[in-house]
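The values are calculated or read from the model by the stated rules, or taken from the named source; none is laboratory data. Since this is a predicted model, take the numbers as computed values, not measurements. Cβ placement follows ideal geometry from the backbone for every residue including glycine, while neighbour counts extend to all protein chains displayed. When the accessible area is computed, the model is the full protein with side chains, heavy atoms only, and any ligands, DNA or RNA have been set aside. Shrake-Rupley method; radii C 1.70, N 1.55, O 1.52, S 1.80 Å.
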Amino acid sequence: MTEDWDAAAATFDEDADHGLRDPAVRRAWGRLLLPLMPEPPAVVLDLGCGTGSLSVLLAGAGHEVRGLDASREMLGLARAKRDAAGVAVQFTDGDAADPPYGAGSADVVMCRHVLWALDDRDTVLARWVRLLRPGGRLVLIEGRWGTGAGLPAVECRDLVLRHRTVADVRHLSGISALWGWDVDDERYLLVSTA
């Protein structure tokens, strides 16, 4: 699987929501995510960070961001993006399903389009929740795409509620500014604050 992501790295940022190259798309992601974060400098783990677009966005807002990805090619692009933006992000090679961070080490665990692709999601969520400090936030951006791949919001919510008491879902399909084009498949944000 890592080889697939390495191969995709060179063109990954061509999708507007991946690269955040379009200023309007970047602003839309900032308007979505920044209000969900604690006051900076919060420790944010961006698990499965890809080319680091969201990591750099949050670091630019003053957060202490640690990005993790299994693709070395993606991480190389993430580091270049970080350096170009002049922000501090610690990027690490590792498995989002089993992150190498200590229990209670983060204020926020954030993942975009990661959980759907993992086996044993229940075990993975338990690991992610253990990384959170008391009062920490779990922020998941997921979807069920037109290809049939993905994780429906109702399933994701049920999974999170096995480990947390709050799982608020906000549907994002109709917000074309986030994606750079109109989407009609299921895309959503899930935030768990407890």
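Structure summary
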quantity: The chain - mean residue ellipticity at 222 nm from DSSP helices (-39,500 (n - 2.57) per run, n ≥ 4, rounded to 500); calculated: -10000 deg cm²/dmol
quantity: Mean shadow area of the chain, taken as a quarter of the surface of its Cα convex hull (nm²); calculated: 9.7
quantity: Relative contact order (%) - the range 18-160, alpha-carbon pairs under 8 angstrom, separation at least six; calculated: 20
quantity: Environment charge of GLY180, counting only residues whose C-beta is closer than 14 Å and scoring Lys/Arg +1, Asp/Glu -1; calculated: -2
quantity: Mean Cβ count within 10 Å, highest first, over the residues of peptides 175-183, 162-170; calculated: 175-183, 162-170
quantity: Rounded to the nearest 20 debye, dipole of the range 77-188 from Cβ charges on Lys, Arg, Asp, Glu; calculated: 460
quantity: Check: the chain dipole with +1 on Lys, Arg Cβ and -1 on Asp, Glu Cβ, in debye; calculated: 800
quantity: Accessible surface, per residue, of the range 52-155 when the full set of protein chains is kept, probe 1.4 Å, Å²; calculated: 40
quantity: Label-point separation, ALA80 to ARG170 (7 Å along Cα→Cβ), nm; calculated: 3.2
quantity: Nearest-10 value in Å² for the accessible area of TYR101, using the 1.4 Å probe; calculated: 40
quantity: DSSP beta bridges in the range 63-194 [antiparallel fraction, %, rounded to 5]; calculated: 50
quantity: Helical segments meeting 30 Å axial Cα length and Kyte-Doolittle 1.6 threshold in the chain (DSSP H); calculated: none
quantity: Rg over Rh [alpha-carbon atoms, Kirkwood Rh] for the range 23-92; calculated: 0.94
quantity: Protein accessible area in the chain, 1.4 Å probe - carbon and sulfur %; calculated: 49
quantity: For PRO134, net neighbour charge (Lys/Arg +1, Asp/Glu -1) across residues whose Cβ lies under 14 Å away; calculated: +3
quantity: Efficiency of FRET between ASP185 and ALA8 - r from beta-carbon atoms, R0 30 angstrom, step 0.05; calculated: 0.95
quantity: FRET E, pair ASP93, ARG133, Förster distance 22 Å, beta-carbon r, rounded to 0.05; calculated: 0.35
